[in-house]
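Shown next, in structure tokens, is the structure this report addresses.
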Amino acid sequence: MSGPGSRLLLVAACALIDADGRILVAERPQGKSMAGLWEFPGGKVEDGERPEDTIIREMHEELGITIREACLSPFTFASHAYPDFHLVMPLYLCRRWEGIVSPRENQRVKWVSPRDLRKLSMPPADIPLIAMLADYL
């Protein structure tokens, strides 16, 4: 468990929801920590950046889509102690974007129903979010 002196990592994530109520997840690529696990797309909040800015930037860089801030709804957050750091991750919902989702960083993506999220191997911080999404959707 991380202790009082551990580094705090702020990451923003987004549950993209399509017209059929499915959620987009991305597989963590080889060479990254937790490679092979499925996660909600997003990324590290950079210095001077708001979480909403992070989502907009990361969705464009990773998936080639354009999201407007007005289409992001704050939903919940995760707070999880990993061995080397403590993760705080706001999760936003988004039902509207411009463009077609096309992975740009050699990651695999797929659309899954909220109940099928439970069948995926996901990072520990993401797991508590699954039940909340399934209840909401």
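The values are calculated or read from the model by the stated rules, or taken from the named source; none is laboratory data. As the structure is a computational prediction, the values presented were derived from the model and not from experiment. Every residue, glycine among them, receives a Cβ derived from its backbone with ideal geometry; neighbour counts consider all protein chains shown.
Quick notes
- Out of E62, E39, E52, E58, sole residue that is farther than 22 Å from M132 by Cβ and not hydrophobic (A, V, I, L, M, F, W, C): E62
- Restricting attention to the range 121-131, the residues being under 16 Å from V88 (Cβ atoms) and not charged (D, E, K, R) number 6.
- Every residue from the range 62-86 that is in a loop (DSSP other than H, G, I, E, B) and under 17 Å from I23 (Cα atoms): G64, I65, I67
- Considering (1) surrounded by fewer than 17 Cβ atoms within 10 Å (Cβ to Cβ); (2) in contact with a helix residue (DSSP H, G or I) (Cβ under 8 Å, 6 or more places away or on another chain); (3) small (G, A, S), the lone condition that A26 does not fulfil carries the number (1).
- Among the candidates M59, M89, residue that is outside any loop (DSSP other than H, G, I, E, B), farther than 20 Å from I127 by Cα and touching a residue at least 24 places away in the same chain (Cβ under 8 Å): M59
- Cβ pairs under 9 Å, 6+ apart, first in the range 23-42 and under 19 Å from L63 (Cβ atoms), second among the aromatic types (F, W, Y) and part of a loop (DSSP other than H, G, I, E, B): I23/F40; L24/F40; V25/F40; A26/F40
- Cβ-Cβ under 6 Å pairs, at least 6 apart or on other chains, the range 112-137 side more than 12 Å from L37 (Cβ to Cβ), far side modelled with pLDDT of 90 or more and surrounded by fewer than 15 Cβ atoms within 10 Å (Cβ to Cβ): I130/R118; L137/G21
- Pair list, Cβ < 8 Å and 6+ apart or interchain, from the range 92-106 residues that are touching a residue at least 60 places away in the same chain (Cβ under 8 Å) to residues that are among the polar types (S, T, N, Q) and loosely packed, with under 15 Cβ neighbours inside 10 Å: Y92/S73; L93/S73; C94/S73; W97/T66
- All positions within the range 58-86 that are farther than 19 Å from V25 by Cβ and charged (D, E, K, R): R68, E69, D84
- For the range 100-115, the criterion of being assigned to a helix (DSSP H, G or I) and surrounded by 12 or more Cβ atoms within 10 Å (Cβ to Cβ) is met by at least one residue.
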